[in-house]
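Everything below concerns the one structure shown next.
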Number of protein chains: 4
Amino acid sequence: MDDDSRTARWELRAGVPLGVASLLFLVSYAVRVLGEGLPQPVRDLCLAVAYATWSLFVVDYAVRWRLSGQGLRFVHRHLLDSVVVLLPLLRPVRVVRVYDAWQRRMPGQPQMSLQGRVMLYAGLSSTLLGFASALSVYHYEHRDPHATIRTFGDSLWWAASTLSTVGYGDVAPVTPLGRLIAVVLMGCGLALLGAVTGSFSSWLMQRFALRDDAAGDAGGPPGS
Amino acid sequence: MDDDSRTARWELRAGVPLGVASLLFLVSYAVRVLGEGLPQPVRDLCLAVAYATWSLFVVDYAVRWRLSGQGLRFVHRHLLDSVVVLLPLLRPVRVVRVYDAWQRRMPGQPQMSLQGRVMLYAGLSSTLLGFASALSVYHYEHRDPHATIRTFGDSLWWAASTLSTVGYGDVAPVTPLGRLIAVVLMGCGLALLGAVTGSFSSWLMQRFALRDDAAGDAGGPPGS
Amino acid sequence: MDDDSRTARWELRAGVPLGVASLLFLVSYAVRVLGEGLPQPVRDLCLAVAYATWSLFVVDYAVRWRLSGQGLRFVHRHLLDSVVVLLPLLRPVRVVRVYDAWQRRMPGQPQMSLQGRVMLYAGLSSTLLGFASALSVYHYEHRDPHATIRTFGDSLWWAASTLSTVGYGDVAPVTPLGRLIAVVLMGCGLALLGAVTGSFSSWLMQRFALRDDAAGDAGGPPGS
Amino acid sequence: MDDDSRTARWELRAGVPLGVASLLFLVSYAVRVLGEGLPQPVRDLCLAVAYATWSLFVVDYAVRWRLSGQGLRFVHRHLLDSVVVLLPLLRPVRVVRVYDAWQRRMPGQPQMSLQGRVMLYAGLSSTLLGFASALSVYHYEHRDPHATIRTFGDSLWWAASTLSTVGYGDVAPVTPLGRLIAVVLMGCGLALLGAVTGSFSSWLMQRFALRDDAAGDAGGPPGS
């Protein structure tokens, strides 16, 4: 109990700074990758910021491990967090939680439906994931002589067609590292997209069922 | 309550004219895009009709916003309607609702099953969406020197292979605008198709369960 | 009631002959399409058999319409049957029903689970659908100068990659008719595959839940 | 009852040796396929080990058939096991069960959620399936003059893009045997992936619902 409350207090305090750090990491990584024409000092600064924020994530992970008092089981039970320490580009996915917390505290606002929130969460997560993957695939691919991904636009287009499982194949990674990132994107992204599709389907079903009831009671016009 | 009833009355009155306007918009846009050999006055007329119907959608949106008395929250809570004002090609999707209302009022007709209606709604919506996307992708692509989408037939074929997530990639958009429309199509279309698949699966399951009961009771022949 | 029982009697009597006719149609169509080197009389015979069996389907449809006494609503309510009359290649899908009826009547055999039967039904249907589509796509494609589908093996490979929505695109139809058939395959096939996936997922979930209970009660070894 | 308990005892005793044999089979097959530069005796040894372990699987199948006392129905009711005897590369999929049994017996560990275990099971199974398919597709493809799959890396990349149904098509099997294996991979893999997606979606939904309750009760910070 005590451990739990200390963890909760840590999360309350560290939430906003870590959220800011995540966005900083993403921005500095993006500038570093996309800004090839920028002067060297700016690019070095970006690298420094990226490493500094990464070390913050490691500190946060260590503190939470320590507070939990769980030993090795912590790694097993917080698998997502452990992966995020190794792949900090996935970190911004957690920003979604901040939006979620902010929205819950708005007084007087009607709560979104359960499915609506799952869709929002999974949709935002997969967008962030797609953007981060497009960045790193572009980073590893665009200088390869056989690459088909030559601009960041190509890379975004590739990420969208991969996340939706359409997979045209007009542009696709050819380097081993690019393909490794692509496999991670497939694994995480498809699960998230499956969640979006599943909740949309169940939301639509519920809405039709509700409209049936309303029509049966009042015979009124179809709701908006 | 008062606001609600005024909104309901507006929707009752504006429903049919707006449905007609949606179809007019789609037809005039289609003629404008596909009828490159038509005389200029006809093409200008189409453009005029398209803008006129678009302005109708804006007026409808404004009236409903005003009647709701909700301020900025209205944009948030009627997100689909807000998007439709910006992308009027998605408007015909709402026509499905007219068919739905018409079918509900037919006396003596047995109600379709819940899943049947979801499948119908989502199926029709995605067909309209695919057609509208094929139109605008064709519009932006067919004059590009590297385009693989050269005829409207290619564009329809591309839309079908995208909506079903098959994605052969033999034809695919290459211009930035074409790709942007493709991403919107993936986003909306896959959700709709997911709804079709989900309801079909649940309908099949229900039907098999029903047949089991019937067979258990009467040992009769399998129903049609 | 009387109409229903007459329809049921008709289905009981006509079931087996029509099932045989469906298979005859498929076989004769396959021989006609694939046997280009066969002597002309054999090919003419196949065409005759195909037309004869097709006319049987039309007769069956007409009789059932007549017996139902429903007028135009019959077309609406037996949509699948109506489509099958126009596209007799989809007819063999109904053969699955014969297997289903046969299995139900086997005494002493434990009933398959609901999900198992949905998977069997949808799996067999999509296999038949894929085979029939591969046949007709091959028929329309293989003589086109730009065709990538040149052998029946290519066509089967294309059908498998389409039904699974993988869509490599190394072979794909290029003629308008071939693409039309492909769109029908996407529409029907994806729904069927969605049903397979959905029932497999729910079957797996149920099985794990059962094993939990068993383990909780007896602490026994995991079941086979 | 007696048959059941004898089968259970057999499975208890044979479980670990057969699990080891499965891994041995996979490793020896992998060395045989990938180690083209190895000295001939090593490659012959691998072939011998592969055949020896395969014969073990046949013995296990025969013993369980005999113990069940079910005659031909056994083949029908243990369809998966029957297939595994013919395609021993699918055998390692059963290793997942060992992990499952090991995890259940750990005292003091909180049980994973139902969806978590389905995801783990289906995820591990599809990884093993993908690896095994990549091995045999590489085996049949890499010497073909028109092959696009030329290295084992290509083959793994192809397997990942097939299992996720993305299907870029930049590399794809061209030999009949390679395509046959690909169709089996599509069939098995998509079902497994469907299970992963379905359970992830339901797990996410449940988690959001739980968090709602917690927030409603205590107004606390969002859980980790």
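Miscellaneous remarks
- Nm distances between copies for B:TRP10, ranked from closest, using label points 7 Å along Cα→Cβ: 5.2, 5.3, 7.4
- For the range C:129-140, 3J(HN,Hα) per residue [Karplus equation, 6.51 cos²θ - 1.76 cosθ + 1.60, θ = phi - 60°, Hz, x = Gly/Pro]: 4, x, 5, 5, 5, 4, 4, 6, 5, 4, 4, 7
- Pseudo-label separations to other copies for C:THR151 - Cα-to-Cβ vector, 7 Å, nm: 2.9, 2.9, 4.1
- Cut-off 14 Å between beta-carbons: net charge of the residues surrounding B:VAL174, Lys and Arg +1, Asp and Glu -1: -2
- For B:GLU36, label point 7 Å along C-beta direction: distances to other copies, nm: 3.4, 3.4, 4.8
- Averaged over A:144-152, number of beta-carbon atoms from partner chains that fall within 10 Å: 0
- FRET efficiency for C:ARG73 and C:VAL16, using Cβ-Cβ distance with R0 set to 41 Å, rounded to 0.05: 0.90
- Calculated FRET efficiency for the pair A:SER82/A:ASP44, C-beta based, R₀ 41 Å, to 0.05: 0.90
- Electrostatic bookkeeping for D:GLU36 treats Lys and Arg as +1 and Asp and Glu as -1; over the other residues with beta carbon under 11 Å from its beta carbon, the sum is +3.
- If you plug the beta carbon distance of C:SER113 and C:ARG66 into 1/(1 + (r/R0)^6) with R0 = 35 Å, you get a FRET efficiency near 0.35.
- Beta carbon of chain B nearest to the axis of the rotation taking B to C, residue and angstrom distance: B:GLY169, 3
- Annotation: peptides C:160-170, B:35-45, D:61-71, B:120-130, ranked by per-residue average of other Cβ atoms within 10 Å with the highest first, follow the order C:160-170, B:120-130, D:61-71, B:35-45.
- Centre separation in Å (Cα based) which lies between the range A:122-149 and the range B:155-194: 19
- Partner chain coverage, peptide D:202-209 - average Cβ within 10 angstrom: 5
- Here the 3J(HN,Hα) profile of the range D:20-35, calculated from phi with Karplus coefficients 6.51, -1.76 and 1.60 at θ = phi - 60°, is 4, 4, 4, 5, 4, 4, 4, 5, 5, 5, 4, 4, 4, 6, 7, x Hz, Gly and Pro shown as x.
- Annotation for D:ALA52 and A:LEU23: the two label points, set 7 Å from Cα along the Cα-Cβ direction, are 6.3 nm apart.
- Whole-Hz couplings from phi, Karplus 6.51/-1.76/1.60, listed for the range D:166-180; x for Gly and Pro: 6, x, 4, x, 5, 10, 7, x, 10, 7, x, 5, x, 5, 4
- Among D:143-151, C:141-149, the order from most to least packed when residues are scored by Cβ within 10 Å on average: C:141-149, D:143-151
Every read-out reported here was derived from the displayed coordinates using simple, explicitly stated rules and does not represent laboratory data. This one's a predicted model, so the numbers in the text were calculated from it and none came from an experiment. Virtual Cβ from ideal backbone geometry, glycine too; neighbours counted across all protein chains shown.
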